[in-house]
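The values are calculated or read from the model by the stated rules, or taken from the named source; none is laboratory data. Keep in mind that this is a model prediction, so the values were computed, not measured. Ideal geometry is used to build each Cβ from the backbone, glycine not excepted, and the neighbour counts take in all protein chains shown. Remember, those area values only see protein heavy atoms, side chains included, never the ligands or the DNA or RNA. Shrake-Rupley method; radii C 1.70, N 1.55, O 1.52, S 1.80 Å.
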Amino acid sequence: MTKADTMRLLRPAPNVLGFYDGRIDGLRLHGPQPNWLDDGGFTLGTCSYAIVSGAEALVYDTHMSLDHARWIRSALEAEGVREIRVILSHHHLDHIAGNAVFEDCEIIANAATAAAMEAGLDDARTTDPPIDPVVMPTTVCDRETVVTVGGVQVALMSFDIHSHDGLCLWLLDSRTLFAGDTLEDTCTYVAEPGRLEIHLQDLARMAELDIAAILPNHGAEARIAAGGYGSGLIGATEAYIRRLLACRDDPVLAATPLKDVVAEECAAGDVIYHPAYETVHTRNVEAVLSTQSGRQEAGR
């Protein structure tokens with residue numbers, strides 16, 4: 001048995017493959033102890049992607065483990081793909097864990113991701129489960145650019161949302177945004193609570209795009225398989241972050257369950273409630289309140 005035995009191949013759009021795993025009640029991949037693989041990517045559900053044109057493919061993130069990456073590469077080869085390039089959405093472990101399987105390919109990241117991966121080498125090698133070897137990007141882009149895969153044009157766009165080094169893919173012809181972790185369903189995972197105001201600014205910039213579909217790395221399998229989310233996912237993320245910030249002055253809101261916090265956005269169909277995100281929400285609130293406490297302490 002491998003860690004990728006529950007992988008599902010999705011086809012959300014022409015020339016697009018999705019590689020989905022997780023959100024399986026009662027199943028853990030790594031073990032009963034707390035660990036980043038089970039308690040993050042697998043519980044929440046993770047989908048990485050490939051844009052395929054003829055024998056070429058652009059892989060967007062290498063998934064949660066080497067087994068997942070091997071599964072992806074085999075699936076691409078079965079589609080007739082012979083030339084692969086990889087683009088990393090950001091530096092978090094559930095997006096770079098499979099890099100070694102693509103070590104013979106060009107691996108593209110922005111400069112912030114490369115720097116964050118370099119700074120986190122020791123932690124990645126000693127975490128549970130460890131990532132060893134950590135394969136670094138081979139190409140670093142320090143500005144927004146356009147790459148092509150076959151006849152498909154793909155813009156690489158940086159957004160400071162969820163993490164400071166977010167890199168999204170924008171398919172120019174189909175107006176599809178591959179969002180990485182900048183957008184999630186049911187709610188964003190607050191990794192850098194001190195940057196929430198900056199995240200809001202970049203969400204406003206993202207909302208200026210004329211988006212037909214959004215494909216996030218963490219979301220509902222059925223919604224992704226059906227073509228992805230609408231632009232309402234951006235507004236839902238903005239509304240959620242504003243409510244998190246309001247928790248600093250509203251203890252009742254801070255104690256409110258996620259299901260009630262996002263009830264309006266769920267009713268509108270912009271997000272779909274997934275119970276596992278209650279734990280994420282609790283952690284988010286704690287992170288935001290802790291950050292505020294630290295700022296008050298520093299000001300004394």
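Just round it to a whole percent: the fraction of Cα-Cα distances in region 1-46 exceeding 13 Å.
Across region 1-46, Cα pairs with separations above 13 Å total 57 percent.
Per 10 Å bin, what percent of the C-alpha pairs of region 53-94 does each bin hold, from zero upward?
29, 54, 16, 0
Evaluate the distance, in nm, between pseudo-label points positioned 7 Å from the Cα of residue 39 and of residue 53 along their respective Cα→Cβ axes.
Here the modelled spin labels are 4.3 nm apart.
Using the crude model of +1 on Lys and Arg Cβ and -1 on Asp and Glu Cβ, and no other charge, please compute the dipole size for the chain relative to its Cα centre, in debye to 20.
For the chain, the charge dipole is close to 260 debye.
Bins of 10 Å, beginning at zero and ending with the bin holding the largest distance: percent of Cα pairs per bin for region 68-193, please.
12, 40, 39, 9, 0
Expressed as a whole percent, how much of the Cα-Cα distance distribution for region 64-140 exceeds 22 Å?
Distances greater than 22 Å cover 20 percent of the Cα pairs.
With both partners inside the chain, how many of the DSSP beta bridges are antiparallel, as a percent to the nearest 5?
Expressed as a percentage, antiparallel bridges in the chain total about 65.
Calculate how steeply helix 66-78 sits against the longest principal axis of the alpha-carbon atoms of the chain, using the helix alpha-carbon long axis, and give the answer as 0 to 90 degrees to the nearest 10.
50
Return the Cα extents of region 111-165 along principal axes one, two and three, sorted largest first, each rounded to a whole Å.
The principal-axis extents, from largest down, are 40, 25, 16 Å.
Taking every alpha carbon pair in region 1-110, what does the distance histogram look like in 10 angstrom bins from 0, in percent?
Spelled out bin by bin, region 1-110 gives 15, 50, 28, 6, 0 percent.
What nm distance separates the two modelled labels at residue 263 and residue 24, each placed 7 Å from Cα along Cα→Cβ?
For residue 263 paired with residue 24, the spin-label model returns 3.5 nm.
What FRET efficiency comes out for the pair residue 173/residue 11, r = Cβ-Cβ distance, R0 = 22 Å, nearest 0.05?
Computed FRET efficiency for residue 173 and residue 11: 0.80.
In region 234-289, carbon and sulfur make up what percent of the accessible area (probe 1.4 Å)?
56
Regarding region 145-224, what is the average projected area of its C-alpha convex hull, in nm²?
It is 5.6 nm².
To the nearest 0.05, what FRET efficiency results for residue 122 and residue 145 with a Förster distance of 35 Å applied to their C-beta separation?
For R0 = 35 Å, the calculated efficiency reads 0.70.
Mind sorting out which of (1) 164; (2) 133; (3) 117 is the real volume of the Cα convex hull per residue in Å³ computed from the coordinates?
Correct label is (2).
Of the options 107, 130, 191, report the single residue whose Cα projects farthest towards the positive end of the charge dipole of the chain (beta-carbon charges: Lys, Arg +1; Asp, Glu -1).
Checking the options against the dipole of the chain, the answer is 191.
Between residue 191 and residue 2, with labels modelled 7 Å along Cα→Cβ, what's the label distance in nm to one decimal, could you check?
Label at residue 191, label at residue 2, 2.5 nm between them.
Say R0 is 45 Å: what FRET efficiency, to the nearest 0.05, do residue 210 and residue 104 get from their beta-carbon distance?
With R0 = 45 Å, the Cβ-Cβ based efficiency is 0.75.
Packing-wise, with mean Cβ within 10 Å as the measure, how do 110-120, 26-36, 60-70 rank, highest first?
Result, highest mean first: 60-70, 110-120, 26-36.
Shape of region 191-286 from its Cα gyration tensor (a ≥ b ≥ c, root eigenvalues): rounded if a/c is under 1.5, otherwise prolate when a/b > b/c, or oblate?
Note, shape of region 191-286 comes out oblate.
How much of the DSSP beta bridge set in region 150-300 is antiparallel, as a percent to the nearest 5?
Here the share of antiparallel DSSP bridges comes out near 75 percent.
Suppose all protein chains stay in the model; what accessible area per residue would a 1.4 Å probe give for the chain, in Å²?
Using a 1.4 Å probe on heavy atoms only, each residue of the chain averages 41 Å².
Counting each DSSP H run of 4 or more residues in the chain as -39500 (n - 2.57), what helix-only mean residue ellipticity at 222 nm follows after dividing by all residues, to the nearest 500 deg cm²/dmol?
Helix-only estimate at 222 nm: -9500 deg cm²/dmol.
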